[in-house]
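Worksheet: the structure to be examined is printed underneath.
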Amino acid sequence: MPDWTASMQQTYEYYEVDPATWEDRRKIDIVTSSSITRDVSSDTGGSASFNVSSDLGELYIRVYLITTQNRITEKFPLGTFLCQTTGDNFDGKVKDVTMDAYAPLLELKEKNPPLGYSIGQGVNILEAATNIVSKNVRAPSVGSELDGEDYTLSYPFVAELNDTWYTFISDLLASIRYSMDIDELGRIIFTPDQDANSLQPVWTYDDDNSSILQPDFDISRDLYGIPNVLEVIYTKENGSYVYSKVVNNDPDSPISTVTRGREVMHRITDPDIFGSPTQVQLDDYAKQTLRNLSTIEYTLTYTHGYCPVRVGDCVLINYERAGLTNQRAKVIRQNIKCETGCQVEETAVYTLSLWR
């Protein structure tokens, strides 16, 4: 592994991937430029664009970053994408073909489960998801190898009429707080949904002399809509109801009625409570729910030289000039420009409780 904070030579290589073996089939030497986007909110897990000098048709392409440092050359995969030619341009001398590309999860969006398809009660969820992926996507799945817990269905899970395999598996995994993800080799993995505070940082970004972080740093937040008053109404079968109201009037809270000088209300008429709650139970539910709603999400956008950080990782940010010290954040998006310097524009988020 090279020292990512030190100087090195960087180049890129592109290979056609054999869908049957998922191994590199042949090197492609006609790529003139490319960029890669990894995005946790993308249905396909990410996308890419390639410019090539002749039409390649539809195929899987794997991108590698080649580093040379202290006479040691190493190879790191950046992503694997299904490419389709969208257009070309000819300036009289050179032909430039544009190819849009998507991560392998795209194949799950192209097929629908059979009508009435279901998974029975007692079936292991991760194993079921792995089996479905292996039958409907050419990319290999390593999902169920990541967790040893026995997650089983407590009820039959039935596909909706408008489900694709992607939405069906996503909903199935969501029942145990898991999501589908893609690694750099294009393999499909299942990862637990965790916030930054429950993860160990894999990298520290700082502003010392060896920093790979660029000076521009954008921090955004949105206080709009965060309530300081919560009403909860539970209606019983006989028509009677239980009512609870909780108010954040803490002067130390930046969103309280005292600090804001006004009430920002939120009302829940279908509380997620098992059975028929007592007044005490509903009061506890209302207080905890308002605490959960009293959080703000900070979005950080910055640029750095390439390092082995991927979407879903936790990073530690020590950027004193931006007012951030030992702040954990979870990476949700990366845009990698495959050019000199291999700059990565990264977006990460963290949350802060505004009332306890």
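For the reader, a short list of remarks on this structure follows.
- Computed from backbone phi, the HN-Hα couplings of region 326-342 come to 6, 9, 7, 9, 9, 6, 10, 7, 9, 10, 10, 8, 7, 8, 3, x, 6 Hz, rounded to whole numbers (Karplus: 6.51 cos²θ - 1.76 cosθ + 1.60, θ = phi - 60°; Gly and Pro given as x).
- With Cα atoms as the point set, the radius of gyration and Dmax of region 229-293 evaluate to 13.0, 42 Å.
- Simple label model, 7 Å out from Cα along Cβ direction - Trp203 to Asp171, nm: 3.6
- DSSP loop GluC sites (Glu not before Pro) with at most 16 other Cβ within 10 Å excluded, longest remaining stretch of the chain: 161-236
- This model, with +1 at the C-beta of Lys and Arg and -1 at the C-beta of Asp and Glu, gives region 229-293 a dipole about its Cα centre of some 160 debye.
- In order along region 180-187, the phi-based Karplus estimate (6.51 cos²θ - 1.76 cosθ + 1.60, θ = phi - 60°) of 3J(HN,Hα) comes to 7, 9, 10, 8, 5, 8, x, 7 Hz; Gly and Pro are listed as x.
- Fluctuation leader among Ile332, Ile233, Ile212 - the chain, Gaussian network, Cα springs under 10 angstrom: Ile233
- In the calculated pair-distance distribution of region 1-41, the portion above 12 angstrom amounts to 74 percent of the Cα-Cα pairs.
- Region 229-293: relative contact order as a whole-number percent, Cα under 8 Å and 6+ apart: 40
- Average Cα contact separation per residue, the chain, under 8 Å, 6 or more apart, as relative contact order %: 16
- By the count of other C-beta atoms within 10 Å, a proxy for reagent exposure, Ser42, Ser240 are ordered fewest to most as Ser240, Ser42.
- Mean-square fluctuations from a GNM of the chain, with a 10 angstrom spring cutoff on Cα atoms, peak among Gly116, Gly312, Gly239 at Gly239.
- Extension gain, Phe76 back to Leu223 (0.36 nm per residue minus Cα-Cα distance, nm): 48.9 nm
- Alpha carbon centroid spacing (whole Å) that separates region 270-314 from region 110-180: 25
- GNM flexibility winner over the chain from Asp218, Asp43, Asp313 (Cα, springs under 10 Å): Asp218
- Among His304, His266, the ranking by other beta carbons within 10 Å of each residue's beta carbon, starting with the fewest, stands as His266, His304.
- Just so you know, the averaged projected area of the alpha carbon convex hull for the chain sits at 24.4 nm².
- Our summary of shape: the Cα atoms of region 107-192 have principal axis extents of 34, 30, 18 Å, ordered from largest down, in whole angstrom.
- Under-5 Å amide H pairs with Phe217, H placed in peptide plane, nonlocal only: none
- Positive end of the dipole of the chain (Cβ unit charges, origin at the Cα centre): among Tyr155, Val246, Phe274, the Cα lying farthest that way belongs to Val246.
- Near Tyr60, the amide H atoms lying under 5 Å from its own belong to Val17, Cys83; only residues 5 or more places off or on other chains count, and H is placed 1.01 Å from N.
- For the chain, share of DSSP beta bridges that run antiparallel, in % to the nearest 5: 90
- Annotation: the residues Met8, Met1, sorted from fewest to most other C-beta atoms within 10 Å of their own C-beta, follow the order Met1, Met8.
- Once backbone amide H atoms are built at 1.01 Å from N, Ser141 has Ile188 as its partners under 5 Å, excluding neighbours fewer than 5 places away on the same chain.
- Under the Karplus curve 6.51 cos²θ - 1.76 cosθ + 1.60, θ = phi - 60°, whole-Hz ³J(HN,Hα) for region 99-108, x wherever Gly or Pro sits: 10, 8, 9, 9, 5, x, 4, 3, 5, 6
Throughout, read-outs are computed from the coordinates displayed, never taken from laboratory work. Bear in mind the structure is a predicted one, so any value in this text is a computation, not a measurement. Neighbour counts are summed over all protein chains in view; Cβ atoms, including those assigned to glycine, are modelled from backbone coordinates with ideal geometry.
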